[in-house]
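First the structure, in the form of structure tokens, and then the observations on it.
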Amino acid sequence: MSKEKIALFTIFGGTGDLAQRKLYPSLFKLYQKGYLKEHFAVIGTARRPWTNEHYHGVITDSLASLNADPATVAKFAGHFYYQSHDVTDAQHYVTLKQLSEKLDAQYGLQGNRIFYLAMAPNFFGTIAQHLRSENILTPNGFNRVIIEKPFGHDFESAKELNDQLTATFNENQIYRIDHYLGKEMIQNISAIRFGNNIWESLWNNRYISNVQVTLSEKLGVEERAVYYDNSGALRDMVQNHILQILSLLTMDQPVEFTEKDIDVEKVKALRSLRPLKPEEVATNFVRGQYAADGDVKAYRNEDKISPDSNTDTFVAGKVMIDNFRWSGVPFYVRTGKRLADKFTRIDVVFKRPIVNIFNHDDVRENDDAATSLAPNVLTINVEPTEGVELRMNAKALGQGFATTPVKLNFAHDAAATANSPEAYERLLHDALNGDATNFTHWKEVAYSWKFVDVIQKYWDEHTPDFPNYRPGSMGPDASDELLRQDGHEWIYKE
Ligand code: BG6
């Protein structure tokens, strides 16, 4: 079977930042690898009145950092067409349809269409409705729609959005992006768990003490202030990326490693999240907002942010899962802007041995030697290092008998990871293949919002004492306290 994929992409928001930073380079890499060849075309649409020539220049510029052969770049850019388009104007869809049909015939695209909605979600419904009413969907090929986050800002708005989309597309034609699901080590969670008896047989509340998920960012809000100030860290990172990661960490083994079976298990896991009562929010979730430090502005002084903004730029929370496997195991999650460093990691902390036979004066050479055994920790390093680390106890080198923690370490080597596809490239490839395994399905989105809505509502009704953390730290002290009150501590410390 030829690996070449055949499709017409229509990118709504074709002049935008996401298209230029992620989509065009990813499509180009698929082109370099031969997944896209002669039989593909891209229509970029947005309101700006660009010409095709200008658009080609933008495509070329977006690939500059790849240092690719200019002739290949020019050939690739030749597949791109720009159409100035007002998504609310029905007349514009008539021209879009004509151009789509022309390109379909010209490139032999067999009616295969991918609509990429890289713009504000309030337009998704209008676009989907017009695609149907103006007959831009084809009867002969596939029609798929890829949606960028945010998918709503609470359960109600997400449902409304979903209803609008499903009036045109079936669930199996909708590809909701969560770019964390395109990351190598997030995909690796299932291989590590279900490919190794030593992990899967210990992966439950009898052996695991707690699990910690950290998505730490060094930068502030940068140029996305307007979006971010209406969102905050809870909606921006927890509702989607963090709960998706939790579902992969906690789901039961799927019958087969297929999209449908995995979705069934992820939905079960998300349904099992213990919903918080409003009065439990304050003791289970911590919010933060960064202060100023030296040259770094406080969040409230960033451009386009109101000086009295109460938006959370940090969240830490304790999530419990009420099922047989996880009852009693806290899942601590945290994420924030302007933290100590940029990284993502998962720490699975195991229970200590039931009896510590080394905690005995006779077996120690001196009083400084370890008397307690550190818990085993399996760390999945998602980024920037991609690998797995295991902390275990072993005998300290030398005379006497003290134990000391040692590390077993695996990391993909930098050269190999540099050549492995980036999240958007993988996800576009999956969408071309009709494989939505690494996209979020409606029920997952619905349960995630229901969990998060209670927290957000409580926060909206209670004024926080912001700012409350220093840029370059790992968030407010209350985040450490959250674990301390359970007798735990963050494995990654500042
Ligand atoms: C996005 C958020 O979904 O993820 C951003 O909207 C955040 O605020 C980004 O910076 C982090 O992604 P990554 O891949 O850089 O960890």
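The values are calculated or read from the model by the stated rules, or taken from the named source; none is laboratory data. On a predicted model such as this, the values are computed, not experimentally measured, just so you know. Here the Cβ is made from the backbone with ideal geometry for all residues, glycine too, and neighbour counts use every protein chain on show.
Any idea which of (1) surrounded by fewer than 23 Cβ atoms within 10 Å (Cβ to Cβ); (2) more than 16 Å from the ligand (Cβ to nearest atom); (3) closer than 23 Å to Thr313 by Cα is the one Ser231 doesn't satisfy?
If we test Ser231 against (1) surrounded by fewer than 23 Cβ atoms within 10 Å (Cβ to Cβ); (2) more than 16 Å from the ligand (Cβ to nearest atom); (3) closer than 23 Å to Thr313 by Cα, just (2) comes out false.
Do the conditions hold for Arg364, that is, is it out of contact with any Lys or Arg (no Cβ under 7 Å at 6 or more places or on another chain), farther than 26 Å from Glu481 by Cβ and modelled with pLDDT of 95 or more? Explain how you work it out, then say what you get.
Details: out of contact with any Lys or Arg (no Cβ under 7 Å at 6 or more places or on another chain): yes; farther than 26 Å from Glu481 by Cβ: yes; modelled with pLDDT of 95 or more: no.
No; evaluated as a whole, the condition is false for this residue.
Give region 125-184 a look and list any residue that's touching an Asp or Glu at 6+ places or on another chain (Cβ under 7 Å), within 16 Å of the ligand (Cβ to nearest atom) and outside any loop (DSSP other than H, G, I, E, B), or say none.
The one that is touching an Asp or Glu at 6+ places or on another chain (Cβ under 7 Å), within 16 Å of the ligand (Cβ to nearest atom) and outside any loop (DSSP other than H, G, I, E, B): Glu184.
Going through region 185-228 one residue at a time, which ones are assigned to a helix (DSSP H, G or I), more than 10 Å from the ligand (Cβ to nearest atom), in contact with a Lys or Arg (Cβ under 9 Å, 6 or more places away or on another chain) and of a type in the set (Phe, Trp, Tyr)?
Trp199
Take the residues in region 305-361 that are in contact with a Pro (Cβ under 9 Å, 6 or more places away or on another chain) and of a type in the set (S, T, N, Q); name whichever of them is farthest from the ligand (Cβ to nearest atom).
Among those that are in contact with a Pro (Cβ under 9 Å, 6 or more places away or on another chain) and of a type in the set (S, T, N, Q), it is Asn310.
Here is a check on your reading of the model: is Leu432 in contact (Cβ under 8 Å) with a residue 24 or more places away in the chain, under 30 Å from Lys37 (Cα atoms) and either within 16 Å of the ligand (Cβ to nearest atom) or in a loop (DSSP other than H, G, I, E, B) (or both)?
Working: in contact (Cβ under 8 Å) with a residue 24 or more places away in the chain: yes; under 30 Å from Lys37 (Cα atoms): yes; either within 16 Å of the ligand (Cβ to nearest atom) or in a loop (DSSP other than H, G, I, E, B) (or both): no.
No, not satisfied.
Identify, by number, the condition in (1) among the aromatic types (Phe, Trp, Tyr); (2) more than 27 Å from Phe358 (Cα to Cα); (3) surrounded by fewer than 20 Cβ atoms within 10 Å (Cβ to Cβ) that Phe401 doesn't meet.
(2)
Among the residues that make up region 27-35, is at least one of them touching a residue at least 12 places away in the same chain (Cβ under 8 Å), farther than 18 Å from Pro421 by Cβ and not aliphatic (A, V, I, L, M)?
no
For region 234-262, how many residues are among the polar types (S, T, N, Q), out of contact with any helix residue (DSSP H, G or I) (no Cβ under 8 Å at 6 or more places or on another chain) and within 16 Å of the ligand (Cβ to nearest atom)? Show your work before the answer.
So the first thing to find is which residues in region 234-262 are among the polar types (S, T, N, Q), and the list is 239-240, 244, 247, 250, 253, 258.
Narrowing the set further to residues that are out of contact with any helix residue (DSSP H, G or I) (no Cβ under 8 Å at 6 or more places or on another chain) leaves 258.
Keeping just the survivors that are within 16 Å of the ligand (Cβ to nearest atom) gives none.
So the answer is 0.
Which condition does Tyr81 not pass, out of (1) over 19 Å from Ala431 (Cβ atoms); (2) in a strand (DSSP E or B); (3) of a type outside the set (Lys, Arg); (4) touching a Phe, Trp or Tyr at 6+ places or on another chain (Cβ under 7 Å), if it passes all the others?
Among (1) over 19 Å from Ala431 (Cβ atoms); (2) in a strand (DSSP E or B); (3) of a type outside the set (Lys, Arg); (4) touching a Phe, Trp or Tyr at 6+ places or on another chain (Cβ under 7 Å), the lone unmet condition for Tyr81 is (4).
Please specify each residue of region 98-120 satisfying the condition of being within 19 Å of Thr51 (Cα to Cα) and surrounded by fewer than 16 Cβ atoms within 10 Å (Cβ to Cβ).
Step one: filter region 98-120 for residues within 19 Å of Thr51 (Cα to Cα), giving 98-100, 102-103.
Scanning region 98-120 gives Gln98, Lys102.
If the Cβ limit is 8 Å and pairs must be 6+ apart or interchain, which residue in region 111-126 that is within 16 Å of Leu99 (Cα to Cα) pairs with which residue that is outside any loop (DSSP other than H, G, I, E, B) and of a type in the set (Lys, Arg)?
If the second residue must be outside any loop (DSSP other than H, G, I, E, B) and of a type in the set (Lys, Arg), the pairs left are Arg113/Arg144; Ile114/Arg144; Phe115/Arg144.
Kindly provide the set of residues from region 35-67 that are of a type in the set (D, E, K, R) and farther than 27 Å from Asp89 by Cβ, ordered by number.
Lys37, Glu38, Asp61
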